[in-house]
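Notes to accompany the following structure.
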Amino acid sequence: MRPEPRVSIIVPAYGVAHLLGDALASLQGQHRQDWEAIVVDDGAPDDVAAAFARFADDPRFRLLRTDNRGVSTARNRAIAASTAPFVAFLDGDDLYDPTYLERMLAAIEADAGLAFVSCDAICFGAGERAPRRYSATYAMAGPVSLERVLNREMNIFVAAILRRGALDAIGGFDAGLVASEDLDLWIRLLAAGWGGAVLAEPLVRYRRRRGSLSSSARRILVGSCTVYRKASAALEGRAEQAVADRMLASCEQALRWLDGETLILGGDVAAGLPLLAGAERRSWRWRVAVGVMRRAPRLAAFLLRIRPWLPAPSRAPGGGGPPETTGRTDRGALTAPLPIKR
């Protein structure tokens with residue numbers, strides 16, 4: 001007789017049926033075997049059921065089929081169907097290290113005040129010349145605190161393990177968000193007085209696929225603006241509200257930059273230039289470039305295309321910054337959570 005599951009693993013499988021087997025095999029290879037896994041097929045365009053079939057004889061696996069209302073709703077429905085006191089997340093194209101559950105459960109069980117424990121990860125696949133650590137790009141060093149998570153000094157990798165009671169108490173993921181759902185979750189848990197921790201070991205292999213990263217930088221920025229706006233309202237009267245407000249202003253500045261750049265590169269210099277001019281006012285080089293664009297609009301797109309010599313929009317004070325939109329120096333770099341693989 002199998003033991004009662006200690007942890008429920010939520011596996012969104014949208015669009016990754018061809019890779020799902022590797023993810024589920026990494027669960028079967030865990031040192032700890034007291035788990036259940038709920039694979040979510042929320043209207044995927046590929047055949048998740050066929051990929052799941054070879055694991056159907058293992059009673060620890062369940063397939064949850066639901067309509068497509070976004071990854072947050074899919075996760076919330078799977079959490080509602082789970083039975084264990086802890087919940088962990090594994091994207092259907094990623095892999096757990098064999099010691100993931102052993103190490104992560106030990107960490108969260110050792111401290112009743114922790115709502116979540118995350119870890120480092122190895123990023124591999126498309127766009128990676130060689131596997132690299134998540135922490136090489138996204139700041140993870142030091143203690144987990146609300147202020148540091150807000151300010152992006154501490155980035156939480158999404159493949160975390162969470163205390164079910166804490167997750168239920170805050171209502172799970174916000175299904176109304178278009179992006180940055182995980183950042184919003186960490187902020188709300190910490191704001192509610194729960195603690196968090198991060199293990200330095202890379203216990204997950206995060207697969208990057210062509211087309212898996214969000215194709216819309218604007219969507220990420222809009223989502224981040226919404227998260228910081230929510231945080232500011234929820235933290236009214238608390239010291240951390242100032243951090244949320246500063247990061248909101250920084251995200252809005254980055255959004256203006258992106259919109260202005262898109263308009264100019266698309267040929268609408270008159271509409272795009274005011275947005276770029278408003279996005280950065282500190283650098284003398286940028287002020288000169290804007291002046292040239294105003295006097296010679298035909299040069300605007302050219303100047304943006306050779307912009308390595310131009311400064312990007314300024315970072316937020318305090319070491320954080322808005323979500324980065326054009327490279328992966330964003331989870332002293334501009335930082336953003338890893339986008340949902342949809």
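Laboratory data are not the source of any read-out in this text; all were calculated from the coordinates shown. This is a predicted model, so every value here is computed, not measured. All Cβ positions, even for glycine, are placed from backbone atoms using ideal geometry, and neighbour counts span all protein chains on display.
Worth a mention:
- Per residue convex hull volume, Cα atoms of region 1-87, in Å³: 85 Å³
- Projected label points at residue 80 and residue 233, each 7 Å from Cα along the beta carbon direction, are separated by 2.3 nanometres.
- Between residue 219 and residue 192, the modelled labels are 2.7 nm apart [label points 7 Å from Cα along Cα→Cβ].
- √(5λ) per eigenvalue of the Cα gyration tensor, region 108-179, largest first, Å: 25, 16, 13
- Karplus-based coupling profile of region 66-78, in residue order and whole Hz: 8, 6, 8, 10, x, 5, 5, 5, 4, 5, 4, 5, 5, with θ = phi - 60° in 6.51 cos²θ - 1.76 cosθ + 1.60 and x standing for Gly or Pro.
- Relative contact order of region 129-208: 32 percent, from C-alpha pairs under 8 Å at least 6 residues apart in sequence.
- Coupling constants for region 39-45 follow from the phi torsions by the Karplus curve (6.51 cos²θ - 1.76 cosθ + 1.60, θ = phi - 60°), and in residue order they are 8, 9, 10, 9, x, 4, x Hz; glycine and proline get x.
- Annotation: amide H of residue 13 within the under-5 Å range of 40, 42, sequence separation 5 or more or interchain, hydrogens built in the peptide plane.
- √(5λ) per eigenvalue of the Cα gyration tensor, region 7-208, largest first, Å: 25, 19, 17
- Normalising by residue count, region 89-130 has a Cα convex hull of 90 Å³ per residue.
- Residues whose amide H lies under 5 Å from that of residue 61, counting only those 5 or more places away or on a different chain, are 37; hydrogens are built 1.01 Å from N in the peptide plane.
- For region 243-297, taking the reciprocal of the average inverse distance between every pair of different Cα atoms yields a Kirkwood hydrodynamic radius of 11.6 Å.
- Taking θ as phi - 60° and the Karplus parameters 6.51, -1.76 and 1.60, the scalar couplings of region 152-167 work out to 6, 7, 10, 10, 9, 5, 5, 7, 9, 10, 10, 7, 4, x, 5, 5 Hz in sequence order, x denoting glycine and proline.
- For residue 125, distant residues with modelled amide H under 5 Å away: 208
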